[in-house]
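Encoded as structure tokens, the structure appears first; notes follow it.
Since every read-out is calculated from the coordinates, none of them should be taken as a lab result. Bear in mind that the values here come from a model prediction, so they are computed numbers and not experimental data. As a convention, Cβ positions derive from the backbone with ideal geometry for all residues, glycine included, and neighbour counts pool all protein chains shown.
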Amino acid sequence: MKRTTFYNIHKNLGAKIVEFAGFEMPIQYSSIIAEHKAVRNSVGVFDVSHMGEVFVKGEKALDFVQYITVNDASKLFPGRVQYSAMCYEDGGIVDDLLVYKIADNEFMLVINASNIDKDFAWMQKNNKFGVELKNLSDNYSLLAVQGPNSLKVLQKLTDTEINLEYYHFTKLNFAGVDMIFSRTGYTGELGYELYFTGNEKVAEEVWNKIFDAGKEFGIKPIGLGARDTLRLEMGFCLYGNDIDQTTNPLEAGLGWITKLSKPGFIGKDVLLKVKEKGLDRKLVPLTSDEKTFPRHGYDITVNNEKVGFITSGTVSPILDKPIALGYVDIKYAEIDSEVNFLIRGKEIPAKVVKLPFVKR
């Protein structure tokens with residue numbers, strides 16, 4: 001079991017620690033609902049150091065990234081971030097990821113914690129471009145500072161004016177540490193992600209400075225529990241739940257990042273055929289007016305016939321109503337389609353809605 005550089009802080013704060021992707025991680029400190037609302041209403045800090053960072057360097061770095069990812073990385077410039085995915089030859093998803101263009105010959109790929117070894121092996125296997133691949137995941141600490149007051153907190157700790165657009169990043173000295181400072185996040189709120197190297201002492205100093213700067217805003221540490229409910233309110237996919245090697249990006253609602261017009265990438269031929277044939281099923285957002293709790297794996301039915309299944313579900317702390325993502329047969333994928341959650345043998349009325357569940 002691995003531990004991040006912030007592990008002792010989590011223990012001292014009384015966090016409930018669980019195993020996640022091979023790490024001992026905090027799932028909550030106080031309550032998931034309180035932490036969730038802190039991010040929606042003010043500001044919270046997540047330790048997401050378990051995420052993976054792979055650096056791609058070389059003359060053909062762009063060619064490599066173009067080949068293994070579905071989005072068009074040629075549109076990037078230094079300081080720009082892109083949401084993307086990697087696919088197998090059959091169109092199934094290897095992982096979703098962030099692509100950072102650091103320079104014309106260098107990219108950083110940020111991948112999911114549970115997939116680091118698998119993803120890196122996949123990259124090495126498909127490196128026909130002679131690029132240098134370095135898995136530096138164990139070297140980096142990563143904090144996500146999210147919420148409407150995040151900028152006010154963070155600006156106190158750097159002399160550089162923070163003026164980043166969404167999905168842009170810069171390198172700056174923050175809290176006395178040189179880091180990659182990125183306007184990204186998994187919450188739908190204004191927020192930033194801070195990548196830096198250094199030992200536990202360096203990491204703890206950065207954490208403590210952020211919390212001192214955030215005192216006036218009631219800043220709170222946030223666990224993985226609220227991270228999940230926050231991303232679900234936005235309808236963001238979670239690998240292993242909503243997407244995996246058995247799903248393709250078109251049926252997962254990720255057609256917007258799948259650039260079928262760009263030159264050959266892994267899985268393109270199959271995805272072109274999927275688009276030509278039409279989808280059999282689609283990942284859709286669902287909600288209900290009933291008091292119920294939809295969970296991963298529950299069936300979705302119409303007239304007691306299974307038409308799909310839930311991939312992610314919770315009761316939204318902001319809406320105080322059940323929300324879910326799930327795959328349904330394509331004829332039930334239209335907005336306002338009426339279906340049911342099958343919970344303990346009982347059909348609970350639900351319907352397909354628009355994302356995000358919580359409008360910001």
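Compute the distance from the alpha-carbon center of region 204-244 to that of region 42-68, in whole Å.
The two parts, judged by their Cα centres, are 19 Å apart.
Of Pro349, Pro26, Pro249, which has the largest mean-square fluctuation in a 10 Å C-alpha GNM of the chain?
Among Pro349, Pro26, Pro249, the largest GNM mean-square fluctuation belongs to Pro349.
When the helix-only estimate is applied to the chain (DSSP H runs of n ≥ 4, each -39,500 (n - 2.57), divided by the residue count), what is the mean residue ellipticity at 222 nm, nearest 500 deg cm²/dmol? Kindly include the intermediate steps, with their values, before the conclusion.
Working: 8 runs with 75 residues, N = 360.
About -6000 deg cm²/dmol.
Convex hull volume of the Cα atoms in region 281-354, per residue, in Å³?
Working: hull volume 5.5 nm³, N = 74.
Dividing the Cα hull volume of region 281-354 by its residue count gives 74 Å³.
Using only Cα positions of the chain, each an equal point scatterer, no hydration layer, compute I(q)/I(0) via Debye at q = 0.07, 0.13 Å⁻¹ and quote the log10 values to two decimals.
One equal scatterer on each Cα of the chain leads to -0.31, -1.08.
With +1 on the Cβ of every Lys and Arg and -1 on the Cβ of every Asp and Glu, and nothing else charged, how large is the dipole of region 80-174 about its Cα centre, in debye rounded to the nearest 20?
With Lys and Arg at +1 and Asp and Glu at -1, about 220 debye.
What share of Cα pairs, in percent, lie more than 23 angstrom apart in region 101-220?
37 percent
Pick from Ile257, Ile111, Ile335 the residue whose mean-square fluctuation is largest in a GNM of the chain, springs joining Cα atoms under 10 Å.
Most flexible of the set in this elastic network: Ile335.
In whole Å and largest first, what semi-axes does the C-alpha gyration tensor of region 172-256 yield when each eigenvalue is scaled by 5 and square-rooted? Don't skip to the answer; put the middle values down first.
Numbers: eigenvalues 193, 50, 30 Å².
Largest first, region 172-256 gives 31, 16, 12 Å.
Let's see if you can work this out: charge +1 on each Lys and Arg Cβ, -1 on each Asp and Glu Cβ, no other charges. What is the dipole magnitude of the chain about its Cα centre, in debye to the nearest 20?
380 debye
Where nothing but the Cβ of Lys and Arg (+1) and of Asp and Glu (-1) is charged, how large is the charge dipole of region 281-354 around its Cα centre, in debye to the nearest 20? Show your work: numbers first, answer last.
Numbers: 11 positive and 10 negative charges, 42 e Å.
That gives a dipole near 200 debye.
What distance in nm separates the two pseudo spin-label positions at Lys359 and Glu59, each 7 Å out from Cα along the beta-carbon direction?
Distance between label points: 5.4 nm.
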